[in-house]
Amino acid sequence: MDSPELLRFRTAVDAARAELARASAEVRDGKALEELRRLFLGRKRGRVTQLFEGLRAFEAAEKREAGRLANDLKTEVQAVLGEAESHLAVPAEAGTEEDLTLPGERPYGGAPHPLRLFQEEIEAVFLEMGFGIEEGPEIETDYYNFEALNFPPHHPARDDWDTLYIGDKLLLRTHTSPVQIRVMEKRKPPIRIIIPGKVFRRETPDPTHLPMFFQVEGLVVGEGVTFAHLKGTLEHFIRRLFGERIKVRFRPSFFPFTEPSAEVDIECLSCGQKDPACRVCGGTGWKEILGSGMVDPHVFKSVNIDPEKYTGWAFGLGIDRTAMFAFGIPDIRLFFENDLRFNRQFRLK
Ligand code: FA5
């Protein structure tokens, strides 16, 4: 027959075991697990610890049985804690394991900027037509940017090119036209080149203007070169870029270095010439993409080319502005925001 003390001890052990089952079922995280450990094995108040302390009250005869009960419970508590811990560890381990069934991550190797792609398309069309490619400096002198191009000092036409000066003598080129002069100084006709490059103007950025943008210049000089060549070549170029059906118009204009001069417009691809409130064309239905004209005889004189013998034509196209229309982009500033989500939309054809 168990003594009343041993009976109470058994009841206490059973109650602790029931509590262990209930509490362990609710363990969801490491913090709860630690609390469970303290509840049963805590050094002062832990259920198992207290049961062991209670052993002292037993006579030797019942001490062994009570000790066995307490020891069994302790083993059970440790097993339950170990089990709970391994369950908690499972999600963490699964996360670090490699899932070979997932699709691989494609490394991003970089890509040319959309404006570079567009410039290459332009170059390809002119290379096909037998043009060469030249380059020139971005920092220029007043002579090349203006004077040799038939802008006398203080001529009001200079105001059309809001210039950024570097001290008294140097400036950031406002167009690619100075490279016409540099090339004609070095080479005699026949000349058939394009000149892509960066240009700078004192402008406030807006949806169609940038203070730094790209142009591509064209220059053809030879005997018997006429305005018909200018028109035919530029029309062919524009149709190669925008498709055969694009509407193109030549509009009389003025540049000091060409005479006669024409600006070239293409139909507004944003509204299809239909929206009187179109934000891209302002309701006119047309967008200017380039300036052009027959090389002025004064320019030939400044590079010692005989204007009686040779004639020529030139053009200057805004690469960024034209790319806007080609890609259907509503705001030119998007090209320079360095937003990879924007840049990655453009790929070589
Ligand atoms: C010129 O710069 C002349 N040098 C073009 C030229 C060359 C005429 C050879 C005759 C012979 P213009 O300032 O219009 O012209 O600029 C040419 C083109 O550059 C414009 O048609 C437009 O497409 C682009 N452009 C001009 N200003 C800006 C700007 N702020 N932002 C972006 N593109 C611009």
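Only one of (1) touching a Pro at 6+ places or on another chain (Cβ under 7 Å); (2) surrounded by fewer than 20 Cβ atoms within 10 Å (Cβ to Cβ); (3) of a type in the set (Gly, Ala, Ser) is not met by Gly232, so which one is it?
The failed condition is (1).
Could you please find all residues in region 181-210 being within 12 Å of the ligand (Cβ to nearest atom) and surrounded by fewer than 18 Cβ atoms within 10 Å (Cβ to Cβ)?
Within region 181-210, Lys198, Arg202, Glu203, Thr204, Pro205, Asp206, Pro207, His209 meet the criteria.
Check Glu34 against each of (1) surrounded by 14 or more Cβ atoms within 10 Å (Cβ to Cβ); (2) closer than 20 Å to Glu85 by Cα and name the one condition it does not meet.
Only one criterion in (1) surrounded by 14 or more Cβ atoms within 10 Å (Cβ to Cβ); (2) closer than 20 Å to Glu85 by Cα is unmet by Glu34, namely (1).
Please count how many residues of region 211-259 are aliphatic (A, V, I, L, M) and farther than 25 Å from Ile332 by Cα. Talk me through it step by step, then tell me what you get.
Restricting attention to region 211-259, the residues satisfying the condition of being aliphatic (A, V, I, L, M) are 212, 216, 219-221, 225, 228, 230, 234, 238, 241, 246, 248.
Filter once more, so that each one left must be farther than 25 Å from Ile332 by Cα: 219-221, 225, 228, 230.
Going through region 211-259 one residue at a time, the tally reaches 6.
Name the residues in region 165-175 that are touching a residue at least 60 places away in the same chain (Cβ under 8 Å) and either more than 10 Å from Phe200 (Cα to Cα) or more than 12 Å from the ligand (Cβ to nearest atom) (or both), would you?
Step one: list which residues in region 165-175 are touching a residue at least 60 places away in the same chain (Cβ under 8 Å), which gives 175.
Of everything in region 165-175, nothing turns out to be touching a residue at least 60 places away in the same chain (Cβ under 8 Å) and either more than 10 Å from Phe200 (Cα to Cα) or more than 12 Å from the ligand (Cβ to nearest atom) (or both).
Give the residue, chosen from Pro137, Pro103, Pro178, Pro114, that is away from the ligand (no atom under 14 Å from the Cβ) and buried (at least 20 other Cβ atoms within 10 Å of the Cβ). Working first, answer last.
Values: Pro137 fails: buried (at least 20 other Cβ atoms within 10 Å of the Cβ); Pro103 fails: buried (at least 20 other Cβ atoms within 10 Å of the Cβ); Pro178 fails: away from the ligand (no atom under 14 Å from the Cβ).
Only one candidate qualifies: Pro114.
Assuming Gly130 fulfils every condition listed in (1) at pLDDT 90 or above; (2) assigned to a helix (DSSP H, G or I) apart from one, which condition is it?
(2)
Output the number of residues of region 296-320 satisfying the condition of being in a strand (DSSP E or B) and either among the polar types (S, T, N, Q) or in contact with a helix residue (DSSP H, G or I) (Cβ under 8 Å, 6 or more places away or on another chain) (or both).
At the first step, the residues of region 296-320 found to be in a strand (DSSP E or B) are 311-318.
Now narrow it down to the ones that are either among the polar types (S, T, N, Q) or in contact with a helix residue (DSSP H, G or I) (Cβ under 8 Å, 6 or more places away or on another chain) (or both): 311-315, 317.
Adding up the residues that qualify gives 6.
Six or more apart or on different chains, Cβ under 7 Å: which pairs go from a residue in region 140-164 that's over 16 Å from Gln215 (Cβ atoms) to one that's open to solvent by 50 Å² or more (accessible area, probe 1.4 Å)? Could you list them?
Pairs that qualify, where the first residue is over 16 Å from Gln215 (Cβ atoms) and the partner is open to solvent by 50 Å² or more (accessible area, probe 1.4 Å), are Thr141/Lys169; Thr141/Leu170; Asn150/His298.
Going by what's in this entry, would Leu55 be described as assigned to a helix (DSSP H, G or I) and without any contact (Cβ under 8 Å) to a residue 24 or more places away in the chain?
Values: assigned to a helix (DSSP H, G or I): yes; without any contact (Cβ under 8 Å) to a residue 24 or more places away in the chain: yes.
In short, yes.
If we keep just the residues of region 298-349 that are more than 30 Å from Gly222 (Cα to Cα), away from the ligand (no atom under 14 Å from the Cβ) and more than 16 Å from the chain's Cα centre (by Cα), which is most open to solvent (accessible area, probe 1.4 Å)?
Here the answer is Lys349.
Phe213 fails exactly one of the following numbered conditions: (1) of a type outside the set (Ser, Thr, Tyr); (2) over 24 Å from Ile238 (Cα atoms); (3) open to solvent by 20 Å² or more (accessible area, probe 1.4 Å). What is the number of that condition?
Against the list (1) of a type outside the set (Ser, Thr, Tyr); (2) over 24 Å from Ile238 (Cα atoms); (3) open to solvent by 20 Å² or more (accessible area, probe 1.4 Å), Phe213 comes up short only on (2).
What are the residue pairs meeting all of these: first residue in region 203-216, first residue of a type in the set (S, T, N, Q), second residue open to solvent by less than 40 Å² (accessible area, probe 1.4 Å) and in a strand (DSSP E or B), Cβ atoms under 8 Å, and 6 or more apart or on different chains?
Filtered contacts from region 203-216: Gln215/Pro196; Gln215/Gly197; Gln215/Val199; Gln215/Gly316; Gln215/Leu317; Gln215/Gly318.
Answer yes if at least one residue in region 140-148 is of a type in the set (Asp, Glu), crowded, with 19+ Cβ neighbours inside 10 Å and within 16 Å of the ligand (Cβ to nearest atom), and no otherwise. Break it down into steps so the answer makes sense when it comes.
Residues of region 140-148 that are of a type in the set (Asp, Glu), as a first pass: 140, 142, 147.
Filter once more, so that each one left must be crowded, with 19+ Cβ neighbours inside 10 Å: 140.
Applying the additional criterion that residues be within 16 Å of the ligand (Cβ to nearest atom) yields 140.
Scanning region 140-148, I find at least one residue that is of a type in the set (Asp, Glu), crowded, with 19+ Cβ neighbours inside 10 Å and within 16 Å of the ligand (Cβ to nearest atom), so the answer is yes.
If I go through region 259-281 residue by residue, how many of them are open to solvent by 20 Å² or more (accessible area, probe 1.4 Å), within 15 Å of Thr208 (Cα to Cα) and within 15 Å of the ligand (Cβ to nearest atom)? Walk me through how you get there before you give the answer.
In the first step, residues of region 259-281 are kept if they are open to solvent by 20 Å² or more (accessible area, probe 1.4 Å); the result is 259-260, 263, 267, 269-277, 279-280.
From what is left, the residues that are within 15 Å of Thr208 (Cα to Cα) are 269-270, 279-280.
From what is left, the residues that are within 15 Å of the ligand (Cβ to nearest atom) are 269, 280.
Counting residues in region 259-281 that are open to solvent by 20 Å² or more (accessible area, probe 1.4 Å), within 15 Å of Thr208 (Cα to Cα) and within 15 Å of the ligand (Cβ to nearest atom) gives 2.
Do you know which residues across region 118-134 are hydrophobic (A, V, I, L, M, F, W, C) and either open to solvent by 30 Å² or more (accessible area, probe 1.4 Å) or farther than 18 Å from Ile238 by Cβ (or both)? Before you say what the answer is, go through the steps one by one.
Quick first cut of region 118-134, residues hydrophobic (A, V, I, L, M, F, W, C) only: 118, 122, 124-127, 129, 131, 133.
Listed by number, the residues that qualify are Ala124, Leu127, Met129, Ile133.
The values are calculated or read from the model by the stated rules, or taken from the named source; none is laboratory data. Note that the structure is a prediction, hence the values are computed from the model and not measured. Virtual Cβ from ideal backbone geometry, glycine too; neighbours counted across all protein chains shown. For accessibility, only protein heavy atoms count, side chains too; no ligands or nucleic acids. Shrake-Rupley method; radii C 1.70, N 1.55, O 1.52, S 1.80 Å.
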